[in-house]
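Reading through the structure tokens given below for one structure.
The values are calculated or read from the model by the stated rules, or taken from the named source; none is laboratory data. Everything quoted here is computed from the prediction, not taken from an experiment. Methodologically, a virtual Cβ is constructed for each residue, glycine included, from the backbone with ideal geometry; neighbour enumeration extends over all protein chains shown.
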Amino acid sequence: MKRKTLISAIIIAAIIIVGGVIYFWLSMPKTIELIVWEWSGYEVEEVWFPFKEKNPNVKVSHVLLADNDAAMARIAAGDRPDITHFGGDSKLYLDRHIALDALEPINLSLIPNWENVHPYFKNYVTEFSTHDGNVYWIPTDWGTTSIVYRRDLLQAAGLPEPDSWSVFWDSSYAEVGTAMYDSPSEIGGITFLALNYTLEDFHNPTDEQLETWKNTLQMAFEQAAVIYDDQYELLAALETGEVAVGSLWEEPWAVGLADEYDLGYVSIPPAPDFREGENTVTWVSGLSIGKGAKDRGTYELAHDYINAWLDPRVGSYVIDNYYYGSTNEKAIETADPDVVEMLGLTDPEEKLEKGVLYSYNMPDPATWDKYFEAWTAAKAAAA
């Protein structure tokens with residue numbers, strides 16, 4: 001009898017202990033993870049630290065992707081992040097995300113910093129990223145894509161500073177090394193226009209124009225000493241002198257200047273402006289919320305992340321360190337005035353519409369697929 005009583009006591013004790021362990025485990029706060037698809041360089045905490053201040057126990061995991069086409073391939077395969085910086089950089093990609101039911105509508109009332117977004121960008125949202133009364137993309141940063149070059153290396157070779165995208169297939173620059181940015185969504189349109197075609201041609205190209213463009217791209221790939229999809233790979237090649245000419249956004253250029261390299265950026269003095277008929281690519285980038293965030297419990301956190309990007313402290317950091325513009329009007333008040341003046345950030349509308357505004361000037365999906373196929377064929381033929 002005593003033996004049975006002892007066994008029963010042991011069993012009861014074991015049940016209590018196991019139950020306590022289970023209860024303790026269930027009551028422990030769970031680690032919530034926010035998956036963010038980002039451009040390289042945007043994973044640093046300085047551009048999202050207000051989110052961490054508000055949500056210190058949330059794990060933020062950044063997935064760095066090469067460009068919009070890489071992100072679109074993952075979306076088409078069924079992958080969904082909580083936040084993406086690739087959801088609406090052009091109407092083409094935004095429409096494709098929406099068609100694939102890849103985005104959640106955004107609730108502006110959950111983004112307090114929306115109040116201080118520049119009117120130009122608020123209007124941009126109304127015209128560009130609102131579908132059936134729902135907002136699917138919030139602009140956070142803006143800038144240009146241009147030609148970057150080592151001024152000292154060109155001078156030593158007796159070559160002029162470039163003022164045309166044709167530098168990438170101009171054989172006289174082969175000796176100093178050109179680099180080809182393997183991103184049709186970034187420079188495909190601007191290289192097409194460099195062949196003296198018009199935006200109307202770009203939207204409705206003839207077979208002959210596409211063939212000419214493809215053959216030109218093949219020459220550019222054949223000439224390239226470096227083919228890259230990560231802009232910091234190009235920056236490293238510029239700094240070592242492996243190449244003297246490539247295509248970059250302002251951010252890696254700013255890093256190169258901070259490293260004290262003699263880098264010119266076409267369209268920003270003292271570099272030359274583009275020749276007549278050519279220009280920079282101008283772009284507005286922003287954040288979208290991936291479909292399923294509501295089910296994953298990350299929907300409101302995603303709004304906090306967008307709000308962090310719109311924080312004027314983040315905006316000032318982006319201006320001073322990346323040389324990009326912020327969509328928050330207040331960011332410019334605490335940014336370095338010399339950088340603001342050099343980049344011409346006081347009037348975003350004037351600067352963006354001076355160049356070829358990427359967001360509004362992509363062709364329809366079927367036409368873009370032809371460009372993508374031609375780009376792929378040109379690269380393969382050059383290999």
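Mind checking whether some residue in the range 139-154 is outside any helix (DSSP H, G or I), more than 22 Å from Ser183 (Cβ to Cβ) and touching a residue at least 40 places away in the same chain (Cβ under 8 Å)?
no
Can you tell me how many residues within the range 223-245 are within 24 Å of Ala156 (Cβ to Cβ) and of a type in the set (D, E, K, R)?
Within the range 223-245, residues that are within 24 Å of Ala156 (Cβ to Cβ) and of a type in the set (D, E, K, R) number 3.
So which of Glu276, Glu260 ends up being at pLDDT 95 or above, among the charged types (D, E, K, R) and assigned to a loop (DSSP other than H, G, I, E, B)? Before the answer, list the steps.
Numbers: Glu276 fails: at pLDDT 95 or above.
Every option except Glu260 fails the conditions.
Across the range 286-323, what is the total count of residues that are surrounded by 22 or more Cβ atoms within 10 Å (Cβ to Cβ) and within 17 Å of the chain's Cα centre (by Cα)?
Looking only at that region, the number is 16.
Within the range 198-219, count every residue that is assigned to a helix (DSSP H, G or I), farther than 13 Å from Ala377 by Cα and in contact (Cβ under 8 Å) with a residue 12 or more places away in the chain.
Filtering the range 198-219 down to residues assigned to a helix (DSSP H, G or I) leaves 199-203, 207-219.
Now restrict to residues that are farther than 13 Å from Ala377 by Cα: 199-203, 207-209.
Pick out the ones that are also in contact (Cβ under 8 Å) with a residue 12 or more places away in the chain and you get 199, 202-203, 209.
Residues flagged as assigned to a helix (DSSP H, G or I), farther than 13 Å from Ala377 by Cα and in contact (Cβ under 8 Å) with a residue 12 or more places away in the chain within the range 198-219 amount to 4.
Would you pick out the residues in the range 334-373 that are assigned to a loop (DSSP other than H, G, I, E, B), touching a Ser or Thr at 6+ places or on another chain (Cβ under 9 Å) and in contact (Cβ under 8 Å) with a residue 60 or more places away in the chain?
Here is the first cut: in the range 334-373, the residues assigned to a loop (DSSP other than H, G, I, E, B) are 335-336, 344-347, 355, 361-364.
Keeping just the survivors that are touching a Ser or Thr at 6+ places or on another chain (Cβ under 9 Å) gives 335-336, 345, 355, 361-362.
Listed by number, the residues that qualify are Gly355, Asn361, Met362.
Scanning for something free of Cβ contacts under 8 Å to residues at least 40 places away in the same chain and either touching an Asp or Glu at 6+ places or on another chain (Cβ under 7 Å) or of a type outside the set (Phe, Trp, Tyr) (or both), does the range 244-257 turn up at least one residue? Step through it out loud before you land on a result.
Initial filter on the range 244-257 (free of Cβ contacts under 8 Å to residues at least 40 places away in the same chain): 255, 257.
The next check asks that each one be either touching an Asp or Glu at 6+ places or on another chain (Cβ under 7 Å) or of a type outside the set (Phe, Trp, Tyr) (or both); those that pass are 255, 257.
Yes, the range 244-257 contains at least one residue that is free of Cβ contacts under 8 Å to residues at least 40 places away in the same chain and either touching an Asp or Glu at 6+ places or on another chain (Cβ under 7 Å) or of a type outside the set (Phe, Trp, Tyr) (or both).
Within the range 119-134, can one find any residue that is among the charged types (D, E, K, R), touching a residue at least 12 places away in the same chain (Cβ under 8 Å) and not in a helix (DSSP H, G or I)?
Here is the first cut: in the range 119-134, the residues among the charged types (D, E, K, R) are 122, 127, 132.
Adding the requirement that they be touching a residue at least 12 places away in the same chain (Cβ under 8 Å) leaves none.
The answer is no; no qualifying residue exists.
Among the residues of the range 29-84, how many are charged (D, E, K, R) and touching a His at 6+ places or on another chain (Cβ under 7 Å)? Spell out how you get there, then give the answer.
The initial filter retains those residues of the range 29-84 that are charged (D, E, K, R), namely 30, 33, 38, 43, 45-46, 52-54, 59, 67, 69, 74, 79-80, 82.
Restricting the remaining residues to those that are touching a His at 6+ places or on another chain (Cβ under 7 Å) gives 38, 43.
Total meeting the criteria: 2.
Please go through the range 329-353 and give me each residue that is crowded, with 16+ Cβ neighbours inside 10 Å and within 25 Å of Asp95 (Cα to Cα), ordered by number.
Pro348, Leu352
Would you confirm whether any residue within the range 320-333 is free of Cβ contacts under 8 Å to residues at least 24 places away in the same chain and within 27 Å of Ile106 (Cα to Cα)? Spell out how you get there, then give the answer.
If we filter the range 320-333 for residues that are free of Cβ contacts under 8 Å to residues at least 24 places away in the same chain, which is where we start, we get 320, 331-333.
From what is left, the residues that are within 27 Å of Ile106 (Cα to Cα) are 331-332.
Among the residues of the range 320-333, at least one is free of Cβ contacts under 8 Å to residues at least 24 places away in the same chain and within 27 Å of Ile106 (Cα to Cα), which makes the answer yes.
Of the residues Asp259, Asp207, Asp229, which is surrounded by fewer than 16 Cβ atoms within 10 Å (Cβ to Cβ) and under 24 Å from the mean Cα position of the chain (by Cα)? It would help to see each step written out before you state the result.
Values: Asp207 fails: under 24 Å from the mean Cα position of the chain (by Cα); Asp229 fails: surrounded by fewer than 16 Cβ atoms within 10 Å (Cβ to Cβ).
It is Asp259.
Each row is one residue, and each column tells you yes or no for (1) under 21 Å from Val314 (Cα atoms); (2) outside the structural domain of Ala308 (by TED's automatic domain parsing); (3) at pLDDT 95 or above; (4) crowded, with 24+ Cβ neighbours inside 10 Å.
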residue	(1), (2), (3), (4)
Leu103	no, no, yes, yes
Leu108	yes, no, yes, no
Ile111	yes, no, yes, no
Trp114	yes, no, yes, no
Val135	no, no, yes, no
Val148	no, yes, yes, yes
Asp152	no, yes, yes, no
Ala156	no, yes, yes, no
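Do we have Glu33 as at pLDDT 90 or above, surrounded by fewer than 19 Cβ atoms within 10 Å (Cβ to Cβ) and in contact with a Lys or Arg (Cβ under 6 Å, 6 or more places away or on another chain) here?
On the way: at pLDDT 90 or above: yes; surrounded by fewer than 19 Cβ atoms within 10 Å (Cβ to Cβ): yes; in contact with a Lys or Arg (Cβ under 6 Å, 6 or more places away or on another chain): yes.
So Glu33 passes the test.
Check off (1) touching a residue at least 12 places away in the same chain (Cβ under 8 Å); (2) outside any loop (DSSP other than H, G, I, E, B) for Pro162 and give me the number that stays unchecked.
Evaluating Pro162 over (1) touching a residue at least 12 places away in the same chain (Cβ under 8 Å); (2) outside any loop (DSSP other than H, G, I, E, B) leaves (2) as the failure.
Among the residues in the range 188-197, are any crowded, with 20+ Cβ neighbours inside 10 Å, under 22 Å from Lys91 (Cα atoms) and of a type in the set (Phe, Trp, Tyr)?
Looking for residues that are crowded, with 20+ Cβ neighbours inside 10 Å, under 22 Å from Lys91 (Cα atoms) and of a type in the set (Phe, Trp, Tyr), one finds at least one in the range 188-197, hence yes.
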